[in-house]
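**Q** Input: one structure, supplied below.
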Amino acid sequence: MKIGFIGLGQMGSGMASNLVKARHEVTVFNRSADKAKPLVEQGARLAETVGQACAGADAVFTMLADDKAVEAVAFGDAGIIAHLPSAAIHISASTISVALSEKLLAAHQHAGQHFVSAPVFGRPDAAAAAKLFVVAAGPEAALADCQPLFDAIGQRTFILGDKAPAANLVKLSGNFLIASVIESLGEAMALVAKGGVDLTAYLDLLTSTLFAAPVYKTYGGLIAGGKFSPAGFAAPLGQKDIRLALAAAEDLQVPMPVASLLRDRFLTLLANGGANLDWSALGKLAAQDSGQPGPIV
């Protein structure tokens, strides 16, 4: 397929690379063009504008940081909607608000295009290894056309129906759960560490018995080792996702008291200089609050 790919950050670069490896014809665009150089060397084409990335494409991916970035490339005379061919597909892999997903869906339908939400679970190493989990929703025929693309970037695709915003809601709920694990792990590890228990031994116990899920192994290891830089997923993005989950919860009238707590915990982390750290640094706040040595930053 002829694919445009917009957004070559830590996640997007790996995803675009795997699409090239799968022998799709990939044209890439990034605000900082130097990030495209490795992909061009692999065989991708470089677009100088969003319009060039969309020209003649069967589908275009966006993998960008937030709503503002997605809106900037989607709308307006220079945007995706203005340049994507009729019946082509915009695949949004970004973690965006449910409200923006609904806005994009309506705009693409008006333009005679298809919109598929396909946010992913996985960190940059999983993106590079084509081991992401893809959460997809959109028109049935468009999803079928996208499946070879999802197969190129991920290890499994979960289809959530024909309403694209459903995938965004599920992605936000998943990131809320991950942040909840990070916070609870941090509190538990602060408790046992202050009591003199070795954190490596404690983490081995947890992940070998009741909590063998990858999220506990990954984030428990980062918290125990204090490995918060370089960030695989930066703390401000975690704060953003909790804010978007709370916005969706407000619209649906669903109380989420733990999410409200997490919002404040992220704000505490950011206010104390954690903006450049991985969001797993949230799990070190409890140790800091308890007076244990070792600053987060």
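**Q** Quick one: count up the residues across segment 5-18 that are part of a helix (DSSP H, G or I) and more than 13 Å from Val60 (Cα to Cα).
**A** 6
**Q** While we're looking at this one, here's another question. Provide a single number: the residues in segment 176-188 that are surrounded by fewer than 23 Cβ atoms within 10 Å (Cβ to Cβ), of a type outside the set (Gly, Ala, Ser) and touching a helix residue (DSSP H, G or I) at 6+ places or on another chain (Cβ under 7 Å).
**A** Of the residues in segment 176-188, 5 are surrounded by fewer than 23 Cβ atoms within 10 Å (Cβ to Cβ), of a type outside the set (Gly, Ala, Ser) and touching a helix residue (DSSP H, G or I) at 6+ places or on another chain (Cβ under 7 Å).
**Q** Can Phe75 be described as on the phi < 0 side of the Ramachandran plot and in contact (Cβ under 8 Å) with a residue 40 or more places away in the chain?
**A** Answer is no for this residue.
**Q** Further, regarding this structure: Here's a check for you: in segment 272-290, which residue that is without any contact (Cβ under 8 Å) to a residue 60 or more places away in the chain and more than 23 Å from the chain's Cα centre (by Cα) is nearest to Val215 (Cα to Cα)?
**A** Of everything passing the filter in segment 272-290, Gln288 is nearest to Val215 (Cα to Cα).
**Q** Regarding Gln155, is this residue in the same structural domain as Met11 (by TED's automatic domain parsing) and farther than 24 Å from Val50 by Cα?
**A** yes
**Q** Across segment 142-157, which residue is nearest to Gln10 (Cα to Cα) among those that are touching a residue at least 24 places away in the same chain (Cβ under 8 Å) and exposed (fewer than 15 other Cβ atoms within 10 Å of the Cβ)?
**A** Ranking the candidates gives Gln155 first.
**Q** Of the residues Asp264, Asp251, only one is surrounded by fewer than 21 Cβ atoms within 10 Å (Cβ to Cβ) and touching a helix residue (DSSP H, G or I) at 6+ places or on another chain (Cβ under 9 Å); which?
**A** Asp251
**Q** Of all residues in segment 216-239, count the ones that are of a type outside the set (S, T, N, Q), farther than 16 Å from Pro124 by Cβ and out of contact with any Ser or Thr (no Cβ under 8 Å at 6 or more places or on another chain).
**A** 3
For every residue, the table says whether it meets (1) in a helix (DSSP H, G or I); (2) within 30 Å of His114 (Cα to Cα); (3) of a type in the set (Ser, Thr, Tyr).
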site	(1), (2), (3)
Ala167	yes, yes, no
Ser173	yes, yes, yes
Met189	yes, no, no
Ser229	no, no, yes
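**Q** When you scan segment 30-46, do you find a residue that is in the same structural domain as Val120 (by TED's automatic domain parsing), at pLDDT 95 or above, at positive phi and not charged (D, E, K, R), even just one?
**A** Yes: segment 30-46 contains one or more residues that are in the same structural domain as Val120 (by TED's automatic domain parsing), at pLDDT 95 or above, at positive phi and not charged (D, E, K, R).
**Q** Here's something else I'd like to know. Looking for whichever is in a helix (DSSP H, G or I), of a type outside the set (Phe, Trp, Tyr) and modelled with pLDDT of 95 or more here; the options are Ala130, Ala136, Ala106. Which one fits?
**A** Being in a helix (DSSP H, G or I), of a type outside the set (Phe, Trp, Tyr) and modelled with pLDDT of 95 or more holds for just one of Ala130, Ala136, Ala106, which is Ala106.
**Q** Could you check how many residues of segment 19-37 are part of a helix (DSSP H, G or I) and under 23 Å from Asp278 (Cβ atoms)?
**A** Just the residues of segment 19-37 that are part of a helix (DSSP H, G or I), to begin with: 19-21, 33-37.
Then drop every residue that is not under 23 Å from Asp278 (Cβ atoms), which leaves 35.
Within segment 19-37, residues that are part of a helix (DSSP H, G or I) and under 23 Å from Asp278 (Cβ atoms) number 1.
The values are calculated or read from the model by the stated rules, or taken from the named source; none is laboratory data. Being a predicted model, the structure only gives us computed values, none of them experimental. No Cβ is skipped: glycine too gets one built from the backbone with ideal geometry, and neighbour counts run over all protein chains shown.
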